[in-house]
Amino acid sequence: MTASGTVSGTALGKAALPDKVHAWPGLLRIEGLVTLVAMIVLCVWSITIDAPLEEPANPSITPNPAKAPWYFLGLQELLVYFDPWIAGVLIPGFCILGLMAIPYLDVNPQGNGYYTLKRRAFALSTFLFGFFGLWIIPIIIGVFFRGPGWNLFWPWEEWDIHKVVSQNNVNLSYLLGIKGYWAEAIFGLVFLGAWFVLPPLMLWQKKAATNPTIKKMGIARYVITAFLFQSMMLVPLKIFARLVLHVKYFLVLPWFNV
Amino acid sequence: MTGIKEKPDTEKQDLTDHIAQSQIWKSIFRHGFTDTQRNRVLQMTAGFLLHTRPVRVWTHGIRLRYTWGAGGLTFLMYVVACITGIVLMFYYRPVPEYAYADMKYLKFDIPFGMFLRNMHRWSAHAMVILVLVHMLRVFLTGSYKKPREFNWVIGVCLLTLTLLLSFTGYLLPWDQLAMWAVTVGTNMARATPFVGHEGPFAEFLPFISPSFDARSFLLGGTLVGPGTLLRFYVLHCVVLPVVTTFLVFVHFYRIRKDGGISGPMKALEEES
Ligand code: HEM
């Protein structure tokens, strides 16, 4: 027992256990202070900045641009690149299910309970890319850089409601000179199939026998992880294809397009 | 503070001691407040509020450098939003005739009405930001790993609920901002595969139409209108808070059952 109230592990006869302190005052004092500071910040914020209130709701006047609440602007931003059923339903659904699956897919026991970059390079880079690259940055673009017609504007630029950006987007099959309805559909299926199957398959063939992490994962975890990973990377792929090659769709079918 | 006294000072009898010895005080608190080993434990176990916490906690787990306090602050913002929200319910009527006017009453007529509304709105926004920060911290420390896998899953449910709470509340002021943000946000539901009337495969379900699909179910009609306002109000003030509060307590319960805040030493022990 030390003067500050620390109960040391050795004193209790369990040498390996880390130290504990009494919750009172150790933890509660910190919580009290943090609460106090947070409440002061919140009060000052509430005194100085008013919650917005615009004109009464009017279904016959559509504002331009009509923006979703800021935390959904990442999804609205993806509407530029994907059809609504992908941007508004599939992607958020995959985000929720994919996040839930993380603890069951990550078999690496290292880096539990402390900060480390080296021992979890793949997990961390994937998560940070998704969190900042596909979630936070699109939100920032949606909040600060989108104006009328969902065109891009600098935050300090005046919104020109007549701004027209010409867009001549074409399907990937067209770019590659493939013509005919069914030829294009089959090309699209092959393209997406290859995207989902080939990279994981090649990695598996090269590494499955030797890489201890892949061995430990087993085939089921590997397939699910690869599927989720390729789904996530389809988003930047499509954004890249749209911005650089002006691709409209990868796949065109009678029922839906991707 | 020099440390723990093993025995209370009995020689100095002043007013505080007198109060602490009284029958009323003792019937409520059951222990003295001199800084003794025994009292530090009793403070946590003898009352209701603090017994929800462990008596002793990991030294590494109380460092702000480790948790960033983000989970606790998310909870604090939730509590503030709940309290201010209940007070707002005294002044707000969820019908188009009154909803917007009540915002104006809050601003111009009701004492501290605008402050109340601001506290509610900004704590809700802060909660969304902090829950994301909290998730980032939990990922960076690998705290979702064994044995905390399921608490991470509960956390993801809480993240979803936080966003839904915020979104349903966004409609209630019934101004242009609210109506059109919710219109944009719920338009996507039209495109849900099978059950949205503009979604893929909807043509295979003959009963799906603009007035009977995922979106009309959410809105209580084909447009954001009075039915939507009432629906979002009930979800925002009753359904979502009840579910969220329940899951928050499961979340907290599991933190204790999973062995407290994650830390390097315990992880090493579990690995061996
Ligand atoms: C309403 C939302 C939430 C509240 C009020 C909340 C609250 C808390 C609190 C107070 C802690 C204690 C440690 C700390 O403060 O960091 C904690 C830990 C934890 N939270 Fe949350 N949380 C929420 C959402 C989430 C989310 C979105 C996730 C993950 C997706 C999550 C996963 C976890 C995990 C795994 C722990 C254990 C961390 C450890 O042992 O180091 N929680 N939560």
>> Taking the Cα centre as origin and putting +1 on Lys and Arg beta-carbons and -1 on Asp and Glu beta-carbons, what dipole magnitude results for the protein assembly as shown, to the nearest 20 debye?
In response: 1860 debye
> Taking θ as phi - 60°, what are the ³J(HN,Hα) couplings along segment A:141-146 by the Karplus curve (6.51, -1.76, 1.60), each to the nearest whole Hz, with x for Gly and Pro?
Replying inline: 4, x, 6, 9, 10, 10
> If contacts are Cα pairs under 8 angstrom and at least 6 residues apart, what is the relative contact order of chain A in percent?
Replying inline: 19 percent
>> Checking the a/c ratio against 1.5 first, then a/b against b/c, what shape does the Cα gyration tensor give for chain A?
In response: oblate
> What are the semi-axes of the equivalent ellipsoid for the protein assembly as shown, taken as the square roots of 5 times the Cα gyration tensor eigenvalues, largest first, in whole Å?
Replying inline: 48, 34, 18
>> For a quick check: with amide H placed at 1.01 Å from N, whose amide H comes under 5 Å from residue A:51's, ignoring anything fewer than 5 positions away on the same chain?
In response: B:118
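What does the charge dipole of chain B about its Cα centre add up to, to the nearest 20 debye, if the Cβ of each Lys and Arg holds +1 and the Cβ of each Asp and Glu holds -1?
640 debye
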>> My understanding is that a pair violates if its Cα-Cα distance is over 28 Å; which of A:215/B:145; A:163/B:104; A:67/B:145; A:163/B:107; A:179/A:206 do that in this structure?
In response: A:163/B:104; A:67/B:145; A:163/B:107; A:179/A:206
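Hey, what did segment B:63-176 get for relative contact order, percent, Cα under 8 Å, at least 6 apart?
Reported relative contact order: 36 percent.
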> What list do you get for A:166, B:209 if you sort them by fewest beta carbons within 10 Å?
Replying inline: A:166, B:209
>> Skipping prolines and chain starts, which residues have an amide H placed within reach, meaning under 5 Å, of the one on residue B:175, given they are 5 or more residues away or on another chain?
In response: A:57
>> Please list, in order along segment A:153-160, the HN-Hα scalar couplings obtained from phi with the Karplus expression 6.51 cos²θ - 1.76 cosθ + 1.60 (θ = phi - 60°), rounded to whole Hz, x for Gly and Pro.
In response: 9, 6, x, 8, 7, 6, 6, 9
> Applying the Karplus parametrisation 6.51 cos²θ - 1.76 cosθ + 1.60 with θ = phi - 60° to the phi angles of segment B:103-114, what ³J(HN,Hα) value in whole Hz is obtained for each residue in order, glycine and proline being reported as x?
Replying inline: 4, 5, 4, 4, 6, 9, 10, 8, x, 6, x, 5
>> Which of B:138, B:55, B:248 ends up with the largest GNM mean-square fluctuation for chain B, with Cα atoms connected below 10 Å?
In response: B:55
> So what's the gap between the Cα centers of segment B:239-262 and segment A:238-258, to the nearest angstrom?
Replying inline: 42 Å
> Out of B:237, B:204, B:191, whose Cα points farthest toward the positive end of the dipole of segment B:151-272 (charges: +1 Lys, Arg; -1 Asp, Glu; placed on Cβ)?
Replying inline: B:237
>> Among A:180, A:137, A:66, which residue has its Cα furthest toward the positive end of the charge dipole of the protein assembly as shown, with +1 on Lys/Arg Cβ and -1 on Asp/Glu Cβ?
In response: A:137
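Rounded, prolate or oblate: which fits segment B:69-260, taking a ≥ b ≥ c as square roots of the Cα gyration tensor eigenvalues, rounded meaning a/c under 1.5, else prolate when a/b beats b/c?
oblate
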> Projected onto the charge dipole of segment B:69-260 (+1 at Lys/Arg Cβ, -1 at Asp/Glu Cβ, origin at the Cα centre), which of B:69, B:108, B:247 gives the Cα projection farthest towards the positive end?
Replying inline: B:69
> Can you give me the relative contact order of chain B as a percent, contacts being Cα pairs under 8 Å and 6 or more apart?
Replying inline: 16 percent
> What range in chain B is the longest one free of trypsin sites (Lys or Arg not before Pro) that are in a loop by DSSP and have at most 14 other Cβ atoms within 10 angstrom?
Replying inline: B:64-272
> Using a ≥ b ≥ c from the Cα gyration tensor of segment B:123-173 (square roots of the eigenvalues), is it rounded, prolate or oblate, where a/c under 1.5 gives rounded and otherwise the larger of a/b and b/c decides, a/b for prolate?
Replying inline: oblate
>> Once each part is reduced to its C-alpha centroid, what is the distance from segment B:63-107 to segment B:111-175 in angstrom?
In response: 12 Å
>> Which of B:128, A:170, A:143 has the fewest other C-beta atoms within 10 Å, and how do the rest follow up to the most?
In response: A:170, A:143, B:128
> For the protein assembly as shown, what is the calculated [θ] at 222 nm in deg cm²/dmol (nearest 500), taking -39500 (n - 2.57) for each run of four or more DSSP H residues and dividing by its residue count?
Replying inline: -17500 deg cm²/dmol
>> Using the crude model of +1 on Lys and Arg Cβ and -1 on Asp and Glu Cβ, and no other charge, please compute the dipole size for chain A relative to its Cα centre, in debye to 20.
In response: 1420 debye
> Looking at chain A, which longest stretch skips every one of the GluC sites (Glu not before Pro) that is in a DSSP loop with at most 15 other Cβ atoms within 10 Å, leaving the sites themselves out?
Replying inline: A:55-156
> For residue A:171, which sequence-distant residues (separation of 5 or more, or a different chain) have an amide H within less than 5 Å of its own amide H, given hydrogens modelled in the peptide plane?
Replying inline: A:248, A:249
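Values quoted throughout were computed directly from the atomic coordinates according to the rules given, and no laboratory measurement underlies them. Note that the coordinates shown come from a computational prediction; the quantities given were computed from them, not determined experimentally. Cβ atoms come from the backbone with ideal geometry, glycine included; neighbour counts cover every protein chain shown.
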